[in-house]
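A short worksheet on the structure shown next.
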Amino acid sequence: MKKVRVKPSKFSSAIAGVIGIIFVIFGITQISVMGIFGVVWTLGATGVTGYHLYNLFSSKGAGVYEIDIHEQQEDFDAKLRKLDKLYQDGIISKEEYEIKKAEILNSKW
């Protein structure tokens, strides 16, 4: 099982970063008029902008959440068909064919 981080795309982070910078500038210029709301606005806009700029410029990015991905394994039937093809084409011997066939049949499926 593999964990994959889900994060915004670089393009959406660039757009959000530009809009966020505009919101931060607006908040800074309006703090004296808007009082405590202006401070909260500016801090919130700075946090969101920082998150998106980090995602944009870092190679790892800022994941919103993680998901588990189950790597798809080859199904039982496909393994036997490939093995049979190898034997029919003369690539493996009868002994190798029988050994591998037994392994496949004894594996969890």
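The values are calculated or read from the model by the stated rules, or taken from the named source; none is laboratory data. Predicted model only: the values in this text are computed from it and were never measured. We place every Cβ from the backbone using ideal geometry, glycine too, and count neighbours over all the protein chains shown. The accessibility values were calculated without ligands, DNA or RNA, using every heavy atom of the protein model including side chains. Shrake-Rupley method; radii C 1.70, N 1.55, O 1.52, S 1.80 Å.
Take residue 45 and decide whether it is surrounded by 13 or more Cβ atoms within 10 Å (Cβ to Cβ) and part of a helix (DSSP H, G or I). Walk me through it before giving the result.
On the way: surrounded by 13 or more Cβ atoms within 10 Å (Cβ to Cβ): yes; part of a helix (DSSP H, G or I): yes.
The answer is yes for residue 45.
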- Query: Any residue in segment 49-59 that is modelled with pLDDT under 90, over 30 Å from residue 96 (Cβ atoms), assigned to a loop (DSSP other than H, G, I, E, B) and open to solvent by less than 90 Å² (accessible area, probe 1.4 Å)?
  - Reply: yes
Open item on the list: Considering only segment 77-84, I want to know if a residue exists there that is outside any helix (DSSP H, G or I) and without any contact (Cβ under 8 Å) to a residue 24 or more places away in the chain.
Closed with: no
Open item on the list: It is to be established whether one or more residues within segment 68-84 are within 30 Å of residue 8 (Cβ to Cβ) and either aliphatic (A, V, I, L, M) or open to solvent by less than 100 Å² (accessible area, probe 1.4 Å) (or both).
Closed with: yes
Listed by first then second residue, the pairs whose first member lies in segment 35-56 and is over 17 Å from residue 12 (Cβ atoms), whose partner is of a type in the set (A, V, I, L, M, F, W, C) and open to solvent by less than 70 Å² (accessible area, probe 1.4 Å), with beta carbons under 8 Å and at least 6 positions apart or on separate chains, are 38/31; 39/31; 41/34; 42/24; 42/31; 46/24
Across segment 1-39, the tally of residues that are surrounded by 15 or more Cβ atoms within 10 Å (Cβ to Cβ), out of contact with any Leu (no Cβ under 6 Å at 6 or more places or on another chain) and closer than 28 Å to residue 67 by Cα stands at 4
